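Below is one structure, written out as structure tokens; the observations come after it.
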Amino acid sequence: MFKKLNLTRAAVTVAILAALALVFFWPKAVDWPQFAAAENNAPATVVEVKPDFGYRTGDLIPVTLYIKEAPGTEVDITSLALEGNFELVGEPDVFAKGLEDGSRLIRVRLVLQSFTLAQPVSSRVSMIWTVDGQRDTFELPETVIKVHTSMTWDGREELQEGEVDLLGSRTPWANLALFVLSVAGIIWLSRYIRRLIAGLPREVSEAPVSPRLLAKQRFDAIWAKIEAGDLSEENFKEINIILRQFLKIETVLRKFIPMAVGENHPYIEQIVLVFGHCERVMFERDVLTAEELAALKTAFDEIILLR
């Protein structure tokens, strides 16, 4: 059993570590856009802002710039400059991929910020690039970064369509691994809690005892002593207490019993008899005869079982 449990724990641990590795170390796939043909071997560019609306002044706005270098050209990413309303926050995140034809794909992730009160806010992007070692400056064609800022509607009639990229920084495989990891964690935690609960000592709750049954059990225990020959005052005092608690009365004197339980009580005679016999033993030190003892038991049983 312990060997099986250890194997199960090892399998769960390996699965969790594999999922974590998949989430945090899986290479991030890049969904490259379609690039328009550029003239004179100029780099082709695409700017992506998702979404391009709903920002407030001072918000950090993620922007992705895609560049395709023609063979024989090279873009100097460090020369990136913004002209307009935006400022660059932090260092750009650059990823490059070479192609077989000698061209190269570049993805540049930027974080921009603007404190300009305008609608919309925009900036132009410029860089330095070389062709066969000759440096030149270009303005990225059709890559003006424009963001609409408004509390509700930005004034445009066209609708934004397409899928919402909730976790664009992760691949679908990483998202799937994160989901599997979450489910595995929930299952493991639920089983662990169940094992903890199973290991706790359980208190066996007894079924509630009715006042009638409790009074009968207490009386029978006392009566067993009386039948054994113990006719002491303490036993009859206990019978008096049992009956008073059952009837919920305080008096111990026979003359006040009708007033306490009501003269029209259906078992007033039996009640008076039991209290009377107990009172004789308790206060008068009498010794009851066998017939009197039998009458006391019969009266008590009638009160308890038939009340």
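Worth pointing out:
- Among the residues listed as A207, A215, the single one being closer than 30 Å to K297 by Cα, among the aliphatic types (A, V, I, L, M) and either assigned to a helix (DSSP H, G or I) or at pLDDT 70 or above (or both): A215
- Hits in the range 71-117 - residues which are of a type in the set (D, E, K, R), within 25 Å of F53 (Cα to Cα) and in contact (Cβ under 8 Å) with a residue 24 or more places away in the chain: E83, E87, R107, R109
- I271 meets each of the listed conditions (1) over 60 Å from the mean Cα position of the chain (by Cα); (2) in a helix (DSSP H, G or I); (3) farther than 18 Å from P211 by Cβ apart from (3).
- Qualifying residue in the range 106-124 (condition: farther than 21 Å from T57 by Cα, modelled with pLDDT under 75 and not aromatic (F, W, Y)): no
The values are calculated or read from the model by the stated rules, or taken from the named source; none is laboratory data. Predicted model, so just to flag it, every value in this text is computed and none were measured. Cβ sites come from the backbone with ideal geometry, for glycine too, and all protein chains shown count toward neighbours.
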